[in-house]
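Worksheet: one structure, shown below.
The values are calculated or read from the model by the stated rules, or taken from the named source; none is laboratory data. Keep in mind the model is a prediction, meaning the values are calculated, not measured. Cβ sites come from the backbone with ideal geometry, for glycine too, and all protein chains shown count toward neighbours.
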Amino acid sequence: MRRIRRYPDLEAVGQAAAQDFVELGRAAIAERGRFCVALSGGSTPRRMYEILTQAPRRTQLDWDRVDFFWGDERAVPPDDPESNFGAAAAALLHPLDIHQERIHRIQGELPDVEEAAERYQAELARVFAVSTDGLPPAFDLLLLGMGPDGHTASLFPYSQPLAERRRWVVGHVVARLGTPRITLTPPILNRAAEVRLLVTGGDKAGVLKQVLLGPHDPERLPVQLVAPETGRLVWLLDRAAAAEVPAARVS
């Protein structure tokens, strides 16, 4: 199921995403005793992270029962300014004093991104108590963004991971950027129970219109691959990003 929500600005998107985070987290903890969430990089989710560390959100969730994962990572050390883990740690994990055993980061500092991917798949299997040969585990919440080229996580246009149907995590070099990345793949992304795709900024309006209203062309627009098998996908858009999407398509 897909829903599209539009908000006035980045602040409103961040507030809405934080509310969803808390509500979904409380429900997961009540039902299963923990909340497994995969975080995203970028400026849009960062505002949500900051809101979660402030009143009233800070005290609305049992943070000792939240397990944190990542949708992708750059091939950099965790303290590098480009690290998705580092950004989330500074904005969310450190202010909330999250216990180390609840933090499951991708080891972007390893010299071989394929090894980093293999290790992360093994970590996912360990935490979720599943076999790497079976179905991928299902996150309670998957947070994603979208780039101006239609990429999400580190699934870039015409890149090798788009065709992956077996491995949950892969390492690859983004040809256009010439940079190595580690990313979750469509098989595990689409197992999530809840997906929130946060998109802000007028520079994404044109491609967002193509993604939501145009033909299905995931090789060119990888974010179109995000289609939860049994879960729910909700787009959270600010007014600028949604400028070319007819109001009738927005809930």
request  = Scan the strands (runs of 3 or more DSSP E) fully inside segment 1-95 and keep the ones with 1 or more residues being of a type in the set (Lys, Arg) and crowded, with 19+ Cβ neighbours inside 10 Å.
outcome  = 2-7, 72-74
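Limited to segment 203-243, what total is found for residues that are in a helix (DSSP H, G or I), in contact (Cβ under 8 Å) with a residue 60 or more places away in the chain and closer than 21 Å to GLU11 by Cα? I'd like the intermediate steps shown before the answer.
As a first pass, look at segment 203-243 and keep what is in a helix (DSSP H, G or I): 203-213, 222-225.
Of the ones still in play, those that are also in contact (Cβ under 8 Å) with a residue 60 or more places away in the chain are 207-208, 210-212, 222-225.
Right, trim to closer than 21 Å to GLU11 by Cα and you get 208.
Number satisfying all stated conditions: 1.
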task = Please state which one of LEU198, LEU189, LEU225 is out of contact with any Gly (no Cβ under 6 Å at 6 or more places or on another chain) and within 21 Å of ARG46 (Cα to Cα).
result = LEU189
task = Working carefully through the options ALA192, ALA205, find the one that is within 25 Å of GLU118 (Cβ to Cβ) and not charged (D, E, K, R).
result = ALA192
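When segment 182-202 is examined, which residues are found to be of a type in the set (D, E, K, R) and either more than 28 Å from ARG239 (Cβ to Cβ) or not in a strand (DSSP E or B) (or both)?
The first filter runs over segment 182-202 and keeps only residues of a type in the set (D, E, K, R), leaving 191, 194, 196.
Result: ARG191, single match.
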Extreme residue, farthest from ARG2 (Cα to Cα), among residues of segment 145-181 that are part of a loop (DSSP other than H, G, I, E, B) and of a type in the set (Lys, Arg) = ARG176
ask   = Do you know which of the residues in segment 115-127 that are surrounded by 15 or more Cβ atoms within 10 Å (Cβ to Cβ) and in contact (Cβ under 8 Å) with a residue 24 or more places away in the chain is farthest from PRO78 (Cα to Cα)?
value = VAL127
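Between VAL207, VAL130, VAL199, which is among the β-branched types (Val, Ile, Thr), within 27 Å of GLU31 (Cβ to Cβ) and modelled with pLDDT of 95 or more?
On the way: VAL207 fails: within 27 Å of GLU31 (Cβ to Cβ); VAL199 fails: within 27 Å of GLU31 (Cβ to Cβ).
When all the criteria are applied, what remains is VAL130.
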